[in-house]
Amino acid sequence: MAGFTLVTVLLVGAAIVGIRNIQSIQGNAKNLVREQSLTNRLVDELHSQQTTLSEVFSVLARDPDSVDYYKITSQLDEADRDLARISEEGARTAEHGLWQRLNRSSLDFSREARRLLSIEAPETFSSIDLFRFHGAFASVVARLLEAEYRKLNAAQAQIERRTSRLRDISLLFAAASVLLALIFAVVTVRMVSQLIRRLEWQTAELGRVSWHMLEDQEATARRFSHELHDELGQSLTAVKTNLSALAAAGGGGAAQTGPRLADCLHLVDEAIGNVRQMSQLLRPTILDDFGLEAGLRWLAEGFATRTGTEVAVDSSYSGRLPDETETHLFRIAQEALTNIARHAKARHVQMKLTSSGGEICLSMQDDGCGLSTAPAAGRGLGMIGMRARARSAGGDVTVRSRPGEGVLIEVRVPLRHETHSHPAG
């Protein structure tokens, strides 16, 4: 976060510096355009007046008899007014001194021309002062033009320098930002890679722990099932046999002992039934003896008997699978039926066991109320346990549901045939 924040600060700084430089360049360009527009207009008018004064100078250099006094006087008056106005506007520029000199030189030329025109019967209008004043006027005009060109070149050079500086600063900020971004991206990728490897390791550890817990749970259930069925069941059967023998050998006291013996036999029968039921629930021997298909049918029949929900089992696979795979699929089906009994309010359940494409698919579809749209729907402990068992078998669980349209649970695991014998039931 610190690295990417620094990169963001650099980019913002580059943007601010760039905007300021662009605004400065735009201001210089506007000033240059404004001043150049004014100067171009003044220079154009100055050229016109220079042409007028040059014409007056050339006319005065001719024979005095051919001079039109009225026309020359009018030209001089017009030139004086225009040059005074032009010089006043030019005084607001940086070259105000040259514009003032231009006005003085034009007035000197005009006064000398008027003086020559006021002489009666002159032999010639040419004079050294008129020539000098005209030369001074032309010199000031040339210097003004030179100053304007020099100012234009300086403004262009300044714009180029600022543009080059903006380019260099932008490249510097961009290079620094890219370098920092790459550095912190590499650091971030390394940190994320380490976190991912740690998460993968922890996930693998949790998977192994989950697998061992499930294996221990099934081993414990199998041991208790066998103990209940073999030891306690046999002991209760022996007690029942002895009670039956006592009832058959009872003498004159049968009237008193008969009801008690009958009650004891009834209690023993119930205990034997409960032991068998508990044994089957802990670890159904039919699963070990006959495989997954038979275990699913036995589970469906018992569920239908207890809940009254019709369960149809459709199986196209009757082979044997590894013991842990059969156990996981059986427990998943058991948990799914338990959830249906608790939450679904279903009347029909369709259970299918098929094999295709190198995998076993166990699906259960009910016509109940379906899962809600809440974020936690389908994330209860039962569903988590089903997914954990599916992953332990190398597969996964898919749940599809819409409110009011039931739930479809599909479990797909790789098809691996058994490589060892199943434990005896």
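Just so you know, all these numbers are worked out from the coordinates, no wet-lab data involved. Quick caveat: nothing in here was measured; it's all calculated off a predicted structure. In this analysis, Cβ positions are derived from the backbone assuming ideal geometry, glycine residues included, and neighbour counts consider all displayed protein chains.
When TRP298, TRP99 are arranged by Cβ crowding within 10 Å, least crowded first, meaning fewest neighbours, the order is TRP298, TRP99. Using R0 = 30 Å, the C-beta based FRET efficiency linking GLU310 and ARG416 works out to 0.40. Please say if the range 288-414 is rounded, prolate or oblate, where rounded means a/c under 1.5 for a ≥ b ≥ c the square roots of the C-alpha gyration tensor eigenvalues, and otherwise the choice is prolate for a/b larger than b/c and oblate otherwise? It comes out oblate by the Cα gyration axes.
Compared with the alpha-carbon gap, the fully stretched path from LYS30 to ARG197 is longer by 54.1 nm at 0.36 nm per residue. If R0 is 22 Å, the Cβ-Cβ spacing of SER164 and VAL12 corresponds to a FRET efficiency of close to 0.45. Rounded to whole numbers, the Karplus 3J(HN,Hα) couplings from phi for the range 190-204 are 5, 5, 5, 4, 5, 5, 5, 4, 5, 5, 4, 5, 5, 5, 4 Hz, using 6.51 cos²θ - 1.76 cosθ + 1.60 with θ = phi - 60°, and x at Gly and Pro. With 0.36 nm allotted per residue and the present C-alpha distance subtracted, the ASP129-ARG190 stretch has 12.9 nm of extension available. Annotation: amide H of GLY368 within the under-5 Å range of GLY406, VAL407, sequence separation 5 or more or interchain, hydrogens built in the peptide plane. Counting neighbouring beta carbons within 10 Å and listing from fewest to most, the residues ASP396, ASP263 come out as ASP263, ASP396. Among VAL313, VAL187, a tally of other beta-carbon atoms within 10 Å of each Cβ gives an order, fewest to most, of VAL187, VAL313.
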